[in-house]
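The values are calculated or read from the model by the stated rules, or taken from the named source; none is laboratory data. All values derive from a computational prediction rather than experimental measurement. No Cβ is skipped: glycine too gets one built from the backbone with ideal geometry, and neighbour counts run over all protein chains shown. Ligands, DNA and RNA are excluded from the accessible area calculation, which covers all protein heavy atoms including side chains. Shrake-Rupley method; radii C 1.70, N 1.55, O 1.52, S 1.80 Å.
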Amino acid sequence: MKELVIEAKVEALDRVLAFVDELLEETACSMKTKMQIDVVVEEVYVNIASYAYAPGTGQVQIRAEVSEDPAMLTVIFADSGTPYNPLLREDPDVTLPAEEREVGGLGVYLTKKFMDEVTYDYRDHQNILTIKKRL
């Protein structure tokens, strides 16, 4: 499993995406799958960078690996910010026009839709969000 520990700042998003994409380059995943993973990694990381330590900042640990048989990407995000389980958030009503929907929640919704498995745990004073996607 590879690991990246980085200050939770939106400006570091490119490094986070490059970290995950580097693992995907070694696989035969489709462009659609890669794009879905990138959208989810961006959503999760930006939410941590924007809210976990607000108004301050802290670190986020990102661990990632590709396993075989079946080919699966696992990415684990861990931060010591404010405890928050995004999976408890109610899904937005995507049948409504955009201007009638409440602001927020679409990123969590897409994460649950695009990934094969999403879990949250609060352990040892850390938020731990794990995403898994078959490749």
Original post:
Which ³J(HN,Hα) values, rounded to whole Hz and listed in residue order, are derived for region 48-56 from phi using the Karplus coefficients 6.51, -1.76 and 1.60 in 6.51 cos²θ - 1.76 cosθ + 1.60 with θ = phi - 60°, glycine and proline given as x?
Top reply: 4, 4, 7, 10, 4, 10, 3, x, x
Original post:
Under 5 Å between amide H atoms, partner at least 5 residues away or on a different chain: which partners does G81 have, H built in plane at 1.01 Å?
Top reply: N127
**OP:** Would you mind telling me the share, in percent, of accessible area of the chain contributed by carbon and sulfur at probe 1.4 angstrom?
**Re:** 49 percent
Original post:
Expressed as a whole number of Å, what is the distance separating the alpha-carbon centroids of region 62-80 and region 5-44?
Top reply: 11 Å
**OP:** Compute the length gained on full extension between M1 and N85: take 0.36 nm times their separation in residues and subtract their Cα-Cα distance, giving the result in nm to one decimal.
**Re:** 27.8 nm
Original post:
Tell me which aspartates and glutamates have Cα within less than 18 Å of K32's Cα, excluding those fewer than 8 residues away on the same chain?
Top reply: D21, E22, E42, E43, D116, E117
Subject >> Computed [θ] at 222 nm, helices only, for the chain once each DSSP H run of length n ≥ 4 contributes -39500 (n - 2.57) >> reply: -9000 deg cm²/dmol
Original post:
How high is the FRET efficiency between Y120 and A71 when r is their beta carbon distance and R₀ equals 30 Å, given to the nearest 0.05?
Top reply: 0.80
Original post:
If each of T130 and K9 carries a label point 7 Å out from its Cα toward its Cβ, how far apart are those two points in nm?
Top reply: 3.1 nm
Original post:
Under 5 Å between amide H atoms, partner at least 5 residues away or on a different chain: which partners does G58 have, H built in plane at 1.01 Å?
Top reply: A8
Original post:
Are there trypsin sites (Lys or Arg not before Pro) in region 16-96 that DSSP puts in a loop and that have at most 14 other Cβ atoms within 10 Å, and which ones?
Top reply: R89
**OP:** Whole number in Å², please: accessible area per residue of the chain, 1.4 Å probe, ligands, DNA and RNA not counted.
**Re:** 60 Å²
